[in-house]
Amino acid sequence: VKDAQIGQRVIATLQGGGYAEYATAKSAQVIPLPDDLDFGKATALLVQGLTALGLLKNLRAGQSVLVHAAAGGVGSLLVQLAKSKGARVIATASTREKLDIVKNLGADAGINYTEADWTEQVLAATEGNGVDLLIEMVGGETGAQNVKCLAQGATMIVYGAASGKDFSISALGLLGKNLTVRGYYLYGETPDTLAGFTKELMSYMSEGRLQITVREFPLDQAAEAHRAIEGRRTTGKVVLTI
């Protein structure tokens, strides 16, 4: 181990075994923490932050992006990072309280995706054009309706399904607008790419350009933490503490 010392504060990505007082990790996956960054926020950066950067790596200034579940751990960072890249951000959430949160994070428009006309609201917010990039992680009927919101030549990236429900779209329905739909998995990135993402995030944090909301649960309340997530009663990142 070359980049960390005994007793130094570090954080690491694990392939499993993180719900424990002690864990082992490959040295290449261990990242020393700056003194002014606490463990809760660092946890959000290491997974949610890296995912957000990966999802936005091809976003260009001036483009429009729709972020679903924008008050969540990844979504809240997507809103801020997309704005920092010069994009117009349309954010969705399931409650008025969550929409207030995403507007405070800088979203240009907030839409409740549980409302029947949410796709029409997206089109209205883009002057009828649709968005250039759509980040999908709701699933179910919401996921199936996303194609209606895409602009000519747009891309939809799927990285999860908060509802726990899969969805289908018509492959032939992609042809008329030259649309692209693809998935994203953080650990499909190379170690060098992840290292670059980490440095970029640390820079954003040191410059005060990211707000991170963390809700902590003791390790012995892990089951309650999962129930809160499944019940969509959380915003930001959920962290287990020891």
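The values are calculated or read from the model by the stated rules, or taken from the named source; none is laboratory data. Here the structure is a predicted model, which is why all the values come from computation and not from measurement. Quick reminder, even Gly has a Cβ in these numbers, built from the backbone with ideal geometry, and neighbours come from all protein chains shown.
For segment 103-118, name all the residues that are among the aliphatic types (A, V, I, L, M) and out of contact with any Ser or Thr (no Cβ under 7 Å at 6 or more places or on another chain). Spell out the reasoning first.
First pass over segment 103-118, keeping only residues among the aliphatic types (A, V, I, L, M): 105, 107, 109, 111, 116.
If the condition is that a residue be among the aliphatic types (A, V, I, L, M) and out of contact with any Ser or Thr (no Cβ under 7 Å at 6 or more places or on another chain), then A107, A109, A116 are the ones that fit.
Tell me the residue from Y204, Y185 that is within 18 Å of the chain's Cα centre (by Cα), at pLDDT 85 or above and surrounded by fewer than 17 Cβ atoms within 10 Å (Cβ to Cβ), please.
Values: Y204 fails: surrounded by fewer than 17 Cβ atoms within 10 Å (Cβ to Cβ).
Going through Y204, Y185 in turn, just one is within 18 Å of the chain's Cα centre (by Cα), at pLDDT 85 or above and surrounded by fewer than 17 Cβ atoms within 10 Å (Cβ to Cβ): Y185.
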(message) If the requirement is being over 30 Å from D117 (Cα atoms) and of a type in the set (S, T, Y), which of these qualifies: T155, T241, T180, T234?
(response) T241
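Restricting attention to segment 139-153, does a residue exist that is assigned to a loop (DSSP other than H, G, I, E, B) and in contact with a Gly (Cβ under 9 Å, 6 or more places away or on another chain)? Before the answer, list the steps.
We begin by selecting, within segment 139-153, every residue assigned to a loop (DSSP other than H, G, I, E, B); these are 139.
Then drop every residue that is not in contact with a Gly (Cβ under 9 Å, 6 or more places away or on another chain), which leaves 139.
Yes, that holds for at least one residue.
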(message) One residue is enough: does segment 162-180 have a residue meeting the conditions over 20 Å from S76 (Cα atoms) and in a strand (DSSP E or B)?
(response) yes
(request) Mind listing just one residue for me: the one in segment 1-33 that is assigned to a loop (DSSP other than H, G, I, E, B) and among the hydroxyl-bearing types (S, T, Y) and, of those, nearest to E224 (Cα to Cα)? (result) Y19
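What tally of residues in segment 207-242 results from selecting those that are assigned to a loop (DSSP other than H, G, I, E, B) and surrounded by fewer than 17 Cβ atoms within 10 Å (Cβ to Cβ)? Walk me through how you get there before you give the answer.
Of all residues in segment 207-242, those assigned to a loop (DSSP other than H, G, I, E, B) come to 207-213, 231-235, 242.
Narrowing further to those that are surrounded by fewer than 17 Cβ atoms within 10 Å (Cβ to Cβ): 207-209, 211, 231-233, 242.
The qualifying residues number 8.
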(message) For segment 57-113, which positions are within 13 Å of the chain's Cα centre (by Cα), in contact (Cβ under 8 Å) with a residue 60 or more places away in the chain, part of a loop (DSSP other than H, G, I, E, B) and within 22 Å of R182 (Cβ to Cβ)?
(response) H68, A69
